[in-house]
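Peer 1: The structure that follows is given in the form of structure tokens.
Computed from the coordinates by the stated procedures, all read-outs in this text should not be read as laboratory data. Model, not experiment: these values are computed from the prediction. No Cβ is skipped: glycine too gets one built from the backbone with ideal geometry, and neighbour counts run over all protein chains shown.
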Amino acid sequence: MFVVGLTGGIGSGKSTVADAFAELGVPVIDTDVIARELTAPGGAALDAIRAVFGEAVMQADGTLDRATLRRLVFADAAARHRLEAILHPAIQQRVEQALAKLTARYALVVIPLLVETGTYRDMLQRTLVVDCPEALQVTRVMARSGLVRDEVMAILAAQATRAERLAVADDVILNTASPEALRAEVANLHQRYQGLAAASPP
Ligand SMILES: Nc1ncnc2c1ncn2[C@@H]1O[C@H](COP(=O)(O)OP(=O)(O)O)[C@@H](O)[C@H]1O
Ligand SMILES: [Mg+2]
């Protein structure tokens with residue numbers, strides 16, 4: 001199977017791009033969605049997170065206090081690495097399971113931390129990066145999330161830089177124009193990926 005990894009910084013437009021591929025019928029596996037499932041009530045990673053981070057990151061009703069955990073890991077790189085060590089192997093395993101069930105010629109896997117994690121390369125035939133200036137990322141995320149500027153900046157600072165992402169890109173979508181322009185770019189890439197998938201060994 002021909003697997004395209006989609007990455008980009010927070011607010012760059014990954015989910016918007018992934019939705020456009022999905023509208024064209026491409027199977028989309030989103031590691032953010034998997035991470036949420038793993039940390040939802042009853043999720044496979046919840047006990048480990050509780051064991052490592054303690055009751056401070058749990059709410060009274062036994063669900064994860066995501067805001068507290070986010071603050072904690074974006075303020076402390078060691079804590080972030082501990083969380084990633086719990087989540088990433090579990091996420092990767094689920095991606096592999098999901099890919100194994102697909103019959104499509106090619107699929108898209110959304111991996112926000114593709115560059116930071118560095119362990120997805122073997123799984124991917126191609127890397128697509130959604131790129132945009134950081135100022136645009138910040139305004140988009142503030143509008144979407146209700147986070148204040150400093151919180152968004154802390155997340156950006158913890159992520160790979162634009163240059164680091166572009167260095168691993170096979171294809172780049174510069175997402176600074178309209179959603180319509182974005183869909184047109186996705187349609188072009190979809191054509192290209194169908195061709196590449198058809199030409200690649202099974
Ligand atoms: N080209 C665009 N024009 C206007 N708004 C956009 C565009 N691309 C993304 N957005 C908006 O910016 C926000 C962040 O985009 P999203 O796809 O959620 O980014 P990511 O998944 O990379 O964090 C969303 O609210 C989305 O609707
Ligand atoms: Mg997203």
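Peer 1: Report, in cubic angstrom per residue, the convex hull volume of the C-alpha atoms of the stretch 103-176.
Peer 2: 115 Å³
Peer 1: Another question, if that's okay. Using only Cα atoms, tell me the angle between helix 14-23 and the longest principal axis of the chain; keep it within 0 to 90° and round to the nearest 10.
Peer 2: 50 degrees
Peer 1: Next question. How far is helix 66-75 tilted off the main Cα axis of the chain, in degrees rounded to 10, range 0 to 90?
Peer 2: Tilt relative to the chain: about 90 degrees.
Peer 1: For ASP30, what residues show an amide H to amide H distance below 5 Å, using hydrogens built from the backbone and excluding near sequence neighbours?
Peer 2: Correct list: VAL110.
Peer 1: Oh, and also: Residues of the stretch 138-158 with the amide nitrogen closer than 16 Å to a label point 7 Å from the Cα of THR176, along Cα-to-Cβ, please.
Peer 2: 138-140
Peer 1: Right, another one. Mind checking the log10 I(q)/I(0) for the stretch 49-202 at q = 0.08, 0.13, 0.21 Å⁻¹? Debye, one equal scatterer per Cα, no solvent, two decimals.
Peer 2: Listed by q, the Debye log ratios stand at -0.31, -0.81, -1.45.
Peer 1: Averaged over all directions, how much area does the convex hull of the C-alpha atoms of the stretch 68-141 cover when projected, in nm²?
Peer 2: Average of the hull's projected areas for the stretch 68-141 equals 6.6 nm².
Peer 1: Give me the dipole magnitude in Debye, nearest 20, for the chain about the Cα centre, with unit charges on the beta carbon: positive for Lys and Arg, negative for Asp and Glu.
Peer 2: 160 debye
Peer 1: What's the percent breakdown of Cα-Cα distances in the stretch 9-99 across 5 Å bins, shortest bin first?
Peer 2: 3, 12, 20, 22, 18, 13, 8, 3, 1
Peer 1: Quick check on the stretch 1-135: of the DSSP beta bridges with both residues there, what percent are antiparallel, nearest 5%?
Peer 2: The antiparallel proportion sits near 5 percent.
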